[in-house]
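The structure appears below as structure tokens.
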Amino acid sequence: MNPYDVLVIGRPTADLVFTGLPSWPAVGKEVWASDLTVAPGGAFNVVAALCRLGMRVGMIGTVGNDAWSRSSLEAMDAEGVTSDLIQRLDQPLPSVSVAVTHGGDRGFVTYEPSDAESRIVCTGHALRVLREHDAQFLQCCLNVDLAAYARIARERGMRTVVDCGWDEHWLGGQEIRTLMPLADIVFTNAPEACCIAGVNDPVDALHRLAEIVPFVVVKRGADGASAAVDGREYHVRTAAVPVIDATGAGDCFNAGFLYGLSRGMPVEDCLGLGNICGGMAVQRAGGFAGAPRLDELLARARALGIDVDGER
């Protein structure tokens, strides 16, 4: 048996989430938020959400000796996530994201070290860990390191799952289309999918992306989620919920989807589980604060008629 269900490559960040704004900030003007939440985020969102579902998850990343890095390690401990696969460097390595939410959406300002030396160190550590550990799934970002990660994952029998981040220039370029087929499963949200495909409609984008990769999921927020798998399409709507903060909702969706997939559930049921997790996440501030525990997820799934008790 694999020691892990899922390995996740990524840097834990510190998220400062401002909610309850009367309007979006404007240049030269000040707006006041009614609430501020400081919580770990970044790649840790999906790690924490998976852990809450009882999955054995290992986070592969690098932190420094600064206060933000120490806070991330403390959060991992509080959520019961092992930090055994985290590399600790004796130097500052802060990774901070400020999220401003209004009208059901959010905007970000993010900082993390982007110098070549830091990237080489982080990538090298991830490659070493991958060569030493096994899992059912590997999740990482859809970036230039994917080729190296996917090769090792394939050699070790893991399925590689990638998620996109918002970088309009990167998403609209040709290189991302070359890298996508290296993954076994591609997660995108609707704006990312449309940007990659060069269209305005998420369903049209799904069709275009399905020509590039055989297993793609498009997270469509209040409209639910869609998938194209080996030429077959699936569309599952979601219940309307009050939105406090959408930060991390896509990560929590991934956790629910992978929980179902790891148990051999049909794609439409995996989409349903993802929708539940994403819908619960947006009702609380912070990337994973609203992510359900396993008993909560199963109870809500049963209420929706999703078969979570059948033999697989």
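Any read-out appearing in this document is the output of simple, stated calculations on the displayed coordinates, not a laboratory observation. Bear in mind the structure is a predicted one, so any value in this text is a computation, not a measurement. Note that we place each Cβ from the backbone using ideal geometry, even for glycine, and neighbour counts take in every protein chain shown.
Here is the list for segment 161-257: GluC sites (Glu not before Pro) lying in DSSP coil, each with at most 12 other C-beta atoms within 10 angstrom of its C-beta, are E211. What the Cβ-Cβ distance of D105 and V38 gives, at R0 = 25 Å and to the nearest 0.05, is a FRET efficiency of 0.75. Of C194, C252, the sequence from fewest to most neighbouring Cβ atoms within 10 angstrom is C194, C252.
Under the combined filter of DSSP loop state and at most 15 neighbouring Cβ atoms within 10 Å, segment 216-279 retains these trypsin sites (Lys or Arg not before Pro): R237, R263. Quick one: among G278, G198, G287, which has the greatest mean-square fluctuation in a GNM of the chain with alpha-carbon springs under 10 angstrom? The residue that fluctuates most here is G198.
Taking amide H as placed 1.01 Å from N in the peptide plane, the amide H of Q87 sits under 5 Å from that of G61, T62, V63, each at least 5 places away or on another chain. For the chain, adding -39500 (n - 2.57) for each run of n ≥ 4 DSSP H residues and dividing by the number of residues yields -10500 deg cm²/dmol at 222 nm.
If you take the square roots of the eigenvalues of the alpha-carbon gyration tensor of segment 53-127 and sort them as a ≥ b ≥ c, do you get rounded (a/c under 1.5), prolate (a/b over b/c) or oblate? Oblate shape, in that a/c is at least 1.5 and b/c is the bigger or equal ratio. For the chain, the Cβ-based charge dipole about the Cα centre amounts to some 300 debye (Lys, Arg positive; Asp, Glu negative; other atoms uncharged). Taking other C-beta atoms within 10 Å as the exposure proxy, V27, V63, V57 rank V27, V63, V57 from fewest upward.
Unpaired Cys in the chain, meaning no second Cys C-beta under 4.7 Å: C51, C122, C140, C141, C164, C194, C195, C270. Gain on full extension, evaluated as 0.36 nm per residue between S114 and A303 minus their Cα-Cα distance, stands at 63.5 nm.
Under 5 Å between amide hydrogens, which residues at least 5 positions from A14 or on another chain qualify, with H placed 1.01 Å from N in the peptide plane? Correct list: G41, S95, V96, S97. In the chain, the DSSP beta bridges split such that about 45 percent are antiparallel, to the nearest 5.
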